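Colleague: Encoded as C-alpha cells, here's the structure I'll be asking about.
The values are calculated or read from the model by the stated rules, or taken from the named source; none is laboratory data. Note that this is a predicted model, so its numbers are computed, not measured. Here Cβ is always computed from backbone atoms with ideal geometry, including for glycine, and neighbour counts include all displayed protein chains.
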Amino acid sequence: MKARVDSLQWGMDVLARNNVKVLGRADAQPILFVHGFGCDQNMWRFVTPAFEPSYRVVLLDLVGAGKSDLSAWSSAKYQTLHAHATDILEICRALTLEDVIFVGHSVSAMIGVLAARAEPDRFAKLVLVGPSPCYIDDAEYVGGFSRKDIEELLESLDSNYLGWSSAMAPVIMGNPQRPELSEELENSFCRTDPNIARHFARVTFLSDNRADLPLVRTPTLILQCSEDVIAPPVVGEYVRRSMPAARLVMLNATGHCPNLSAPEETIAAMRPFLGPNG
Amino acid sequence: MAERLVDGPSEPEVPVETAEDLYENAPCGYMSTLPGGLIVRANRTFFLWTGYQSDQVVGRRRFSDLLPPSGRIYYETHYAPLLLMQGSVREIALEVICTDQSRLPVLINATLARDAQGQPQLIRITVFNATARRKYEQELLRERRRAEQATQEKARFIAMVSHEIRSPLSAIVAVRQMLEKTDLSPRQDQLVRMLKSSSESLLGLVNNVLDFGRFEGGHEVLELHRFDLQALVSASFETMRARAELKGIALEQTITGEVPQCVVGDALKIHQVLTNLLSNALKFTERGVVRLSVHCEPTGAESVAITFSVSDTGIGIASDRLNSIFEEYAQGAEVRSRYGGTGLGLAISSGLVKLHGGELCVQSELGRGSTFRFTLHLKLQDLSAEGGS
C-alpha cells in the first residue's frame, strides 16, 4: 500500500516514468497497448498505425523495461504484477482516460485483468494477446511449464545477461563513464537492465492470477496463436472459460508474438470486437 | 620450393573446395528455418554436434523444438520478437537438446531474409559451440552470486550487531536522563554531560548503520501523512540551535514563496534529512553562518514544489570529491579522524530524498562553504484513500 501511493503522492511524472507515448486522434476513444516480458512498446509498431486514425493510441513501457525511468523501479515495489496494474491506472488518471480499450500482450494481459478488476468502470474492453494466468502446471491445471523449467529460464537469463548477447543491453547501459556504449546500443530494441529483467521474469512466470479471471466482467477478446509454447491453446481456452464475458479467436499465426509475426491477422481479429470505430 | 622462387611468382596451390563443402563442414552449425521456425536445412557440423539425422529434423521440427522449455521461453520472448523487429539477433545463449538428451551450449546469430515485398521469408542461423565458454560463464555467475551473498550476510550481521548494541545503549541513555534529574555535584554533572555526548553520538552512529542497512535491503518505504510544513522546518531548526550556539555559529532560517499550511509526505524522513544536513553543516563550519532556506512554488492546484537548501561557510569540499560524497563511506580518512562519523549520513539523506522522488545536490568551494539542496514535489491533499488495489 505504501509502495503503491508513493509515485502518486510525490507527484513523480507517471508519464515520464512509463515513457508514455500518445498518438492518434486526441478526441477519440483511448486504446492502451502494453507489452509483455522481454520487450517494450516497440513490439506494437506494426499494429498501432492501423488504429491511429480512429483511436487515441497510448503506448507505454512497464517500469524496468524499455525507456521507462529505471530509478522508479525497486524489487520491493514490483514484486507482484499488481504494482504494474497500479501504474497503468495512474497513467489512465494522469491522461484522464475513460472507456479504455486495453490491449495487453503475454504477461500484460494479466496486468490488464488486474487493472480492470481494480477499476472496472474505467475499461470498456480488454484484448488479451497470448494470455496465461499461471505458467506452471498445478494439479489438473496445465500451464505448460514446471517450476524447474522456470528456474532454468532464470539461469539462462543470467548467461544472456553476462554481456555476450546483443539482445540484452548489458550492464553498461546508462553508464555515465562510458556514454559511447549507450550510444551504440541506442538503436537496439527491448533494452533491459539484467537485474530487473531477471526479477520480472520471476514475477511473471511464478505469478498465478487464475482467481482474478472470474471477477472481471469487462468484455474480453482473447487472441490465441495456434502453436504457442508460452501460452498454449489449452491455456487460452482456460482463460476464456474462466472469464464471464470472454471470447477467443484462434489465429493462424504461430509463436507467441502475433503482433510481430502476423500483424495484419492480429489487427483483423481485433476490429470486429472493437466495433464500428475499429 | 627453391626452383619456384627462381622461376618467379606462381599461383599458390589452393585445394579445391566448393561452397557446399564449406557450408557442410564449416566449424559452426548452419541452419535455415521458415519464419515460423520450421527447420528447412542444416549443415553436417550441426548434425555431428547434436547427433540428429537430417530426416529427423528437416521439414519436421521447429528450431524451438530442439530447446528445453526454459530455452523456448527465451526464444519466444527475446529471440523471435527481436529478429522480427531488428532483422537480426546476435549471440543469444541457448542450449540445444541432442539426441542422447545431453545439452549442447550454443551461441546463436540469426538474420531474417525478406522477399521482394518485404515479407519474412527465411531465417538464417549460425550456431557456435559454446561449451567451454558456458562453463566459464557459469563459474563467473557462481562467483558473483557467492560475492553478493557474502555482502548480504555481512550487511545482515552488521544490522544484527547494531540492533544488539542499540538496546543496552538505549538503557544507558535512559539511565543517564534519570541521573541528570538527581542532585549532582559539579564534578558529577560534568561526568554526566560527557556520558550524554558520548552516548548520543554512539546512538546516532548505530541508527545510521541501521538506516543504511534498510536502504541496502530495499526495505525503506515512505509513510505518508499530512503535516505542517512550517512546524517541521522549525523543529529541524530548533533541534540544532543549541549546538550552533555552543559553537558560536549563527543559525538562520528563511521560508519563502507561497507556503502551504499542510502538505502530504513523510515528515519524519524529511526531518531526518534536514537535521542531518544541518548537523553536517555545523560540524564542518568553524565560524560564520549555517542557513536553512525553504522555498515553496505551487505546481498546480494540488501540488507544490518545495526546495530545501542548507548552506554553510565551512571547510567546503574539493571539486574532485563532489561526485562521490553521496556514496556510502565516502568520507575521507582524514575527515573521519578529525570530525568523526560513519560516512553514512549523506548516503542515507540522499536515499531518503530519492525515495521522495527528489535528488540531493551539492555545490561547494573549498575553504568557502557548501550548499546542499533538494526539491520535493508534494501533494497538498492526502489521496491515499483513492484508487483501491
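Colleague: Go through segment A:94-117 residue by residue and tally those that are at the interface with another protein chain (Cβ under 10 Å from one of its Cβ atoms), touching a residue at least 60 places away in the same chain (Cβ under 8 Å) and not β-branched (V, I, T).
Modeller: So the count comes out to 4.
Colleague: What do you reckon, is B:F215 among the aromatic types (F, W, Y) and either under 19 Å from the mean Cα position of the chain (by Cα) or more than 30 Å from B:I306 (Cα to Cα) (or both)?
Modeller: yes
Colleague: Filtering segment A:241-273 down to residues that are in contact (Cβ under 8 Å) with a residue 60 or more places away in the chain and either out of contact with any strand residue (DSSP E or B) (no Cβ under 8 Å at 6 or more places or on another chain) or hydroxyl-bearing (S, T, Y) (or both), which residue is nearest to A:L215 (Cα to Cα)?
Modeller: A:S242
Colleague: Name the residues in segment A:253-266 that are in a helix (DSSP H, G or I) and either out of contact with any Phe, Trp or Tyr (no Cβ under 8 Å at 6 or more places or on another chain) or farther than 19 Å from A:F33 by Cα (or both), would you?
Modeller: Those that are in a helix (DSSP H, G or I) and either out of contact with any Phe, Trp or Tyr (no Cβ under 8 Å at 6 or more places or on another chain) or farther than 19 Å from A:F33 by Cα (or both): A:P258, A:S261, A:E264, A:E265, A:T266.
Colleague: Among the candidates B:S162, B:S234, B:S167, B:S201, single out the residue that is more than 33 Å from the chain's Cα centre (by Cα) and of a type in the set (S, T, N, Q).
Modeller: B:S234
Colleague: Here is a further query. Going through B:E11, B:E17, B:E24 one at a time, which residue ends up being surrounded by fewer than 18 Cβ atoms within 10 Å (Cβ to Cβ) and modelled with pLDDT under 85?
Modeller: After applying the criteria, what remains is B:E11.
Colleague: Identify all residues within segment A:143-154 that are surrounded by 14 or more Cβ atoms within 10 Å (Cβ to Cβ) and either modelled with pLDDT under 80 or more than 9 Å from every other protein chain (Cβ to nearest Cβ) (or both); write none if there are none.
Modeller: Within segment A:143-154, A:G143 is the sole residue that qualifies.
Colleague: Checking B:E20 against (1) assigned to a helix (DSSP H, G or I); (2) within 12 Å of chain A (Cβ to nearest Cβ): exactly one of these is not met. Which one?
Modeller: Checking B:E20 against (1) assigned to a helix (DSSP H, G or I); (2) within 12 Å of chain A (Cβ to nearest Cβ), the one that fails is (2).
Colleague: Now for a different question. Looking only at residues that are crowded, with 23+ Cβ neighbours inside 10 Å and not β-branched (V, I, T) in segment A:115-132, which one is nearest to A:F205 (Cα to Cα)?
Modeller: In the first step, residues of segment A:115-132 are kept if they are crowded, with 23+ Cβ neighbours inside 10 Å; the result is A:115-116, A:123, A:126-132.
Cutting the leftovers down to not β-branched (V, I, T) gives us A:115-116, A:123, A:126, A:128, A:130-132.
Details: A:A115: 19, A:A116: 21, A:F123: 25, A:L126: 21, A:L128: 17, A:G130: 14, A:P131: 12, A:S132: 9 Å.
Ranking the candidates gives A:S132 first.
Colleague: Moving to a separate point now. Of the residues that sit in segment A:63-81 and are buried (at least 16 other Cβ atoms within 10 Å of the Cβ) and free of Cβ contacts under 8 Å to residues at least 60 places away in the same chain, which one is nearest to A:P131 (Cα to Cα)?
Modeller: Here the residue is A:V63.
Colleague: Within segment B:203-239, track down each residue that is assigned to a loop (DSSP other than H, G, I, E, B) and closer than 17 Å to B:H356 by Cα.
Modeller: B:G218, B:H219, B:E220, B:V221, B:L222, B:E223, B:L224
Colleague: Kindly indicate whether A:E140 is surrounded by 14 or more Cβ atoms within 10 Å (Cβ to Cβ), modelled with pLDDT of 85 or more and closer than 30 Å to A:R240 by Cα.
Modeller: So A:E140 fails the test.
Colleague: Could you run through segment A:205-252 and say how many residues are part of a loop (DSSP other than H, G, I, E, B), crowded, with 17+ Cβ neighbours inside 10 Å and in contact with a helix residue (DSSP H, G or I) (Cβ under 7 Å, 6 or more places away or on another chain)?
Modeller: Total satisfying the criteria: 7.
Colleague: Of the residues that make up segment A:159-180, is at least one at pLDDT below 95, in a helix (DSSP H, G or I) and over 22 Å from B:G71 (Cβ atoms)?
Modeller: Checked against the condition, which is being at pLDDT below 95, in a helix (DSSP H, G or I) and over 22 Å from B:G71 (Cβ atoms), segment A:159-180 yields at least one hit.
Colleague: Have a look at B:L184, B:L179 and point out the one that is touching a helix residue (DSSP H, G or I) at 6+ places or on another chain (Cβ under 7 Å), more than 14 Å from chain A (Cβ to nearest Cβ), outside any loop (DSSP other than H, G, I, E, B) and without any contact (Cβ under 8 Å) to a residue 24 or more places away in the chain. Lay out the reasoning, then the answer.
Modeller: Values: B:L184 fails: outside any loop (DSSP other than H, G, I, E, B).
Exactly one of B:L184, B:L179 is touching a helix residue (DSSP H, G or I) at 6+ places or on another chain (Cβ under 7 Å), more than 14 Å from chain A (Cβ to nearest Cβ), outside any loop (DSSP other than H, G, I, E, B) and without any contact (Cβ under 8 Å) to a residue 24 or more places away in the chain, namely B:L179.
Colleague: Name the residues in segment B:62-75 that are within 12 Å of chain A (Cβ to nearest Cβ) and among the hydrophobic types (A, V, I, L, M, F, W, C), would you?
Modeller: Of everything in segment B:62-75, those that are within 12 Å of chain A (Cβ to nearest Cβ) and among the hydrophobic types (A, V, I, L, M, F, W, C) turn out to be B:F63, B:L67, B:I73.
Colleague: What residue, of A:R45, A:R56, is closer than 27 Å to A:E264 by Cβ, free of Cβ contacts under 8 Å to residues at least 24 places away in the same chain and of a type in the set (K, R)?
Modeller: A:R45 is the lone residue from the list that is closer than 27 Å to A:E264 by Cβ, free of Cβ contacts under 8 Å to residues at least 24 places away in the same chain and of a type in the set (K, R).
Colleague: Of the numbered conditions (1) without any contact (Cβ under 8 Å) to a residue 60 or more places away in the chain; (2) in contact with a helix residue (DSSP H, G or I) (Cβ under 6 Å, 6 or more places away or on another chain), B:F212 satisfies every one except a single condition; which is it?
Modeller: (1)
Colleague: Given the options B:G87, B:G59, B:G51, name the one that is more than 47 Å from the chain's Cα centre (by Cα) and more than 7 Å from chain A (Cβ to nearest Cβ).
Modeller: Being more than 47 Å from the chain's Cα centre (by Cα) and more than 7 Å from chain A (Cβ to nearest Cβ) holds for just one of B:G87, B:G59, B:G51, which is B:G59.
Colleague: Do we have B:G36 as more than 14 Å from chain A (Cβ to nearest Cβ) and at pLDDT below 90 here?
Modeller: Considered against the rule, which asks whether it is more than 14 Å from chain A (Cβ to nearest Cβ) and at pLDDT below 90, B:G36 comes out as no.
Colleague: Taking segment B:262-313 on its own, how many of its residues are within 27 Å of B:A242 (Cα to Cα) and in a loop (DSSP other than H, G, I, E, B)?
Modeller: Summing the residues that are within 27 Å of B:A242 (Cα to Cα) and in a loop (DSSP other than H, G, I, E, B) in segment B:262-313 gives 7.
Colleague: Let me ask something else about it. Mind checking which pairs have a first residue in segment B:133-150 that is within 11 Å of chain A (Cβ to nearest Cβ) and a second that is part of a helix (DSSP H, G or I), Cβ under 6 Å, 6 or more apart or different chains?
Modeller: B:E137/A:S159; B:L141/A:D158
Colleague: Related question: B:L268 versus (1) over 28 Å from the mean Cα position of the chain (by Cα); (2) modelled with pLDDT under 90; (3) not charged (D, E, K, R): which is the lone unmet condition?
Modeller: Looking at each condition in turn, B:L268 falls short on (1).
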